[in-house]
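Structure first, commentary second.
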Amino acid sequence: MALPLFSGALVSILAQGFFQPVPVLVFKIDVGMVAFIAGLIITLFLLSFYAGGLLVERRSQHMLERSLKEAESGRRRFLRRLDHEIKNPLTGLRAALVNVQEARGTDERQRASNNASRAVDRLSRLLADLRKLSDLEERSLENLPVNVPELLQDMVDAARSIPAYGDREVNLLISRVPSPFPTVRGDRDLLGVAMYNLVENALKFTSENESVEVRALEDGRTIVVEVADSGVGIPAEDLSNIFEELYRGSNARGVDGSGLGLALVRRIVALHGGEIDVRSRQEEPRGTVFTVRLPVSKL
Amino acid sequence: MSRQRMTLLLADDDHTIVDSLAPFLERAGFKVLVVSNGAAALEKVQSHHPDLIVLDVLMPRMDGRETLRRLRHANVWTPTILLTQVGEASERALALEEGADDYLNKPFDPHELLARVRAVLRRARPGERSLSAAWLLTADDLVLDRRARRASLKGNSLELTPKALAVLEYLMTHPDEVVSRERLLNAVWGWEYPAGTRTVDTRMAELRRALDDDPASPYYIETISGEGYRFIPSVHGEG
């Protein structure tokens, strides 16, 4: 079937040596034409380049706009929440001040001023945590080996030293073999804040007959700290938001706290090159586990 | 001397603050002068020679920092407490550069200010440059170079974390004073830590190890049970 093709090819090769090519169709192109065509090709080339660039630019512009919009809506959400967090203690403070002025006896005055102090404490706590969050962006981190088991023990002790949690058990489990447990490089004080917040949260959202457990494991590259509790659990719709600043899940409304604790934890963990996750169940076996992964420090 | 009523100059542009602080300090036995900016503070210092100045940092016309700089430049060593709103270390280093005797972060409890005022007055040697304004501090074999951020014991350089060094610095500029853990947290860390006391104790342990100081029979740093820490030897300041 391919015989004509082969024979044609053979003839063309053989004929090349013997005959001058026979002009069948002739294009006459002068220098002007060459210049015109070259210009056309270059123009087309540039145009396609330009169009591609425009497309890329449009896309990145779009992405920038979107992230700006997200940042803007995040900022608005934050301000709205902040407004709410300030409104309540401030209302309490105003009412307490009126009661101080109009109190008819020492008892009433005492109660009113106690309420005023409580409102002030709440505002102070909020402000202190806001400062920490903004400080984190600017302060220089220590970069020293941190002994995680020791740190966890300290933070568990510290949380249990709060009178409300004095009689609560916190199970601390740390893998002992092989030893010693590897260190994390970073800022001990900040990591302490992160761990403490998690432990205190676990205690805050559990009652006396529920348990809290802190576990530390390592696989040579990563140190995994889990803070687990058998408390009421976090509703699924809140799970993706709880690390947001001032976000309050439906369980956390009316519970003491600045609403910035988990945001601080996430930021501190991120500054140490780590990650934090949460999983939670509200049906039996219910409970919540926060998992922090931190890179093991290299020797 | 302690019988005589001491005069405090309170410089802050926020009226609600001074209107409440002034009567509070007066009840505590002080005579209180109030001004609302740095320029007025300079004038009052010249005309009334207060025993102590409480200076807010953010003020119109002349801020607290500039005011203090001018005072020290003119060789006026009136003890001064700076009210800073930022707790960052750089801010505190600045406060030192200007020769503040102590600093307090807003918002503070008025009782805390009173405690600071009393402590600074107790330490003050009228007309003399205070330890807080000295760059080189010496206590026996221990030398702290605040500019170079270095400490040495018997000529050997000490390996200290920046935090431990800052704790040592605070203790050495406040010798023979019982410094509470909360105070150290406020002044050195600038944050309130939930597990704060432990945070301080960890650094103190580091410091004592470096100084080879036995907590049971300390030479440099004494633990005052339930209260805090005290730097024992007397400190000499230079530069």
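The values are calculated or read from the model by the stated rules, or taken from the named source; none is laboratory data. Not measured: the values here are computed from a predicted model. Counting neighbours? That spans all protein chains shown, and the Cβs are built from the backbone with ideal geometry, glycine included.
Step by step: first the residues of segment A:103-120, then only those that are more than 38 Å from the chain's Cα centre (by Cα) and hydrophobic (A, V, I, L, M, F, W, C), then the one that is surrounded by the most Cβ atoms within 10 Å (Cβ to Cβ). Which residue is that? Checked segment A:103-120; the qualifying residue surrounded by the most Cβ atoms within 10 Å (Cβ to Cβ) is A:112.
Contact map, segment A:281-298: first residue closer than 15 Å to residue A:228 by Cα, second residue of a type in the set (Phe, Trp, Tyr), Cβ cut-off under 8 Å, separation 6 or more or different chains; pairs are A:288/A:205.
For the residues A:220, A:249, A:231, A:259, the requirement of being free of Cβ contacts under 8 Å to residues at least 60 places away in the same chain and either surrounded by 19 or more Cβ atoms within 10 Å (Cβ to Cβ) or in contact with a strand residue (DSSP E or B) (Cβ under 8 Å, 6 or more places away or on another chain) (or both) singles out A:231. Taking every residue in segment A:175-188 that is surrounded by 13 or more Cβ atoms within 10 Å (Cβ to Cβ) and pairing it with any residue that is outside any strand (DSSP E or B) and of a type in the set (A, V, I, L, M, F, W, C), at least 6 positions away or on another chain, the pairs with Cβ-Cβ distances below 6 Å are A:184/A:148; A:187/A:141.
Return yes when residue A:201 is closer than 18 Å to residue A:263 by Cα, polar (S, T, N, Q) and surrounded by 17 or more Cβ atoms within 10 Å (Cβ to Cβ) and no when it is not. Taking the combined requirement at face value, the residue satisfies it. Residues that are surrounded by fewer than 17 Cβ atoms within 10 Å (Cβ to Cβ) and assigned to a helix (DSSP H, G or I) within segment B:122-142 comprise just one, B:122. Residue-level check: of (1) in contact (Cβ under 8 Å) with a residue 24 or more places away in the chain; (2) surrounded by fewer than 16 Cβ atoms within 10 Å (Cβ to Cβ); (3) not polar (S, T, N, Q), residue B:184 misses just (2). Selection of strands (runs of 3 or more DSSP E) fully inside segment A:179-265 by the criterion of at least 2 residues being out of contact with any Leu (no Cβ under 8 Å at 6 or more places or on another chain), hydrophobic (A, V, I, L, M, F, W, C) and within 14 Å of chain B (Cβ to nearest Cβ) returns nothing. For segment B:175-214, the candidate set comprises residues that are in contact with a Leu (Cβ under 9 Å, 6 or more places away or on another chain) and among the acidic types (Asp, Glu); within that set, the residue that is farthest from the other protein chains (Cβ to nearest Cβ) is B:177. Here is a check on your reading of the model: is residue A:73 under 28 Å from residue A:260 (Cα atoms) and assigned to a helix (DSSP H, G or I)? Considered against the rule, which asks whether it is under 28 Å from residue A:260 (Cα atoms) and assigned to a helix (DSSP H, G or I), residue A:73 comes out as yes. The residue that is surrounded by the most Cβ atoms within 10 Å (Cβ to Cβ), counting only those in segment B:148-165 that are within 14 Å of chain A (Cβ to nearest Cβ) and under 14 Å from residue B:221 (Cβ atoms), is B:164. Might you check whether a residue that is farther than 14 Å from residue A:198 by Cα and out of contact with any strand residue (DSSP E or B) (no Cβ under 9 Å at 6 or more places or on another chain) occurs anywhere in segment A:264-280? No, because not a single residue in segment A:264-280 is farther than 14 Å from residue A:198 by Cα and out of contact with any strand residue (DSSP E or B) (no Cβ under 9 Å at 6 or more places or on another chain). Restricting to segment A:150-159, and then to whatever is surrounded by 19 or more Cβ atoms within 10 Å (Cβ to Cβ) and of a type outside the set (Val, Ile, Thr), can you tell me which residue is nearest to residue A:85 (Cα to Cα)? Taking the candidates together, the pick is A:159. Selection within segment A:128-178: residues that are hydrophobic (A, V, I, L, M, F, W, C) and assigned to a loop (DSSP other than H, G, I, E, B). The member of this set that is farthest from the other protein chains (Cβ to nearest Cβ) is A:177. Here residue A:120 passes the criteria (1) at pLDDT 90 or above; (2) within 11 Å of another protein chain (Cβ to nearest Cβ); (3) part of a loop (DSSP other than H, G, I, E, B) except the one numbered (3).
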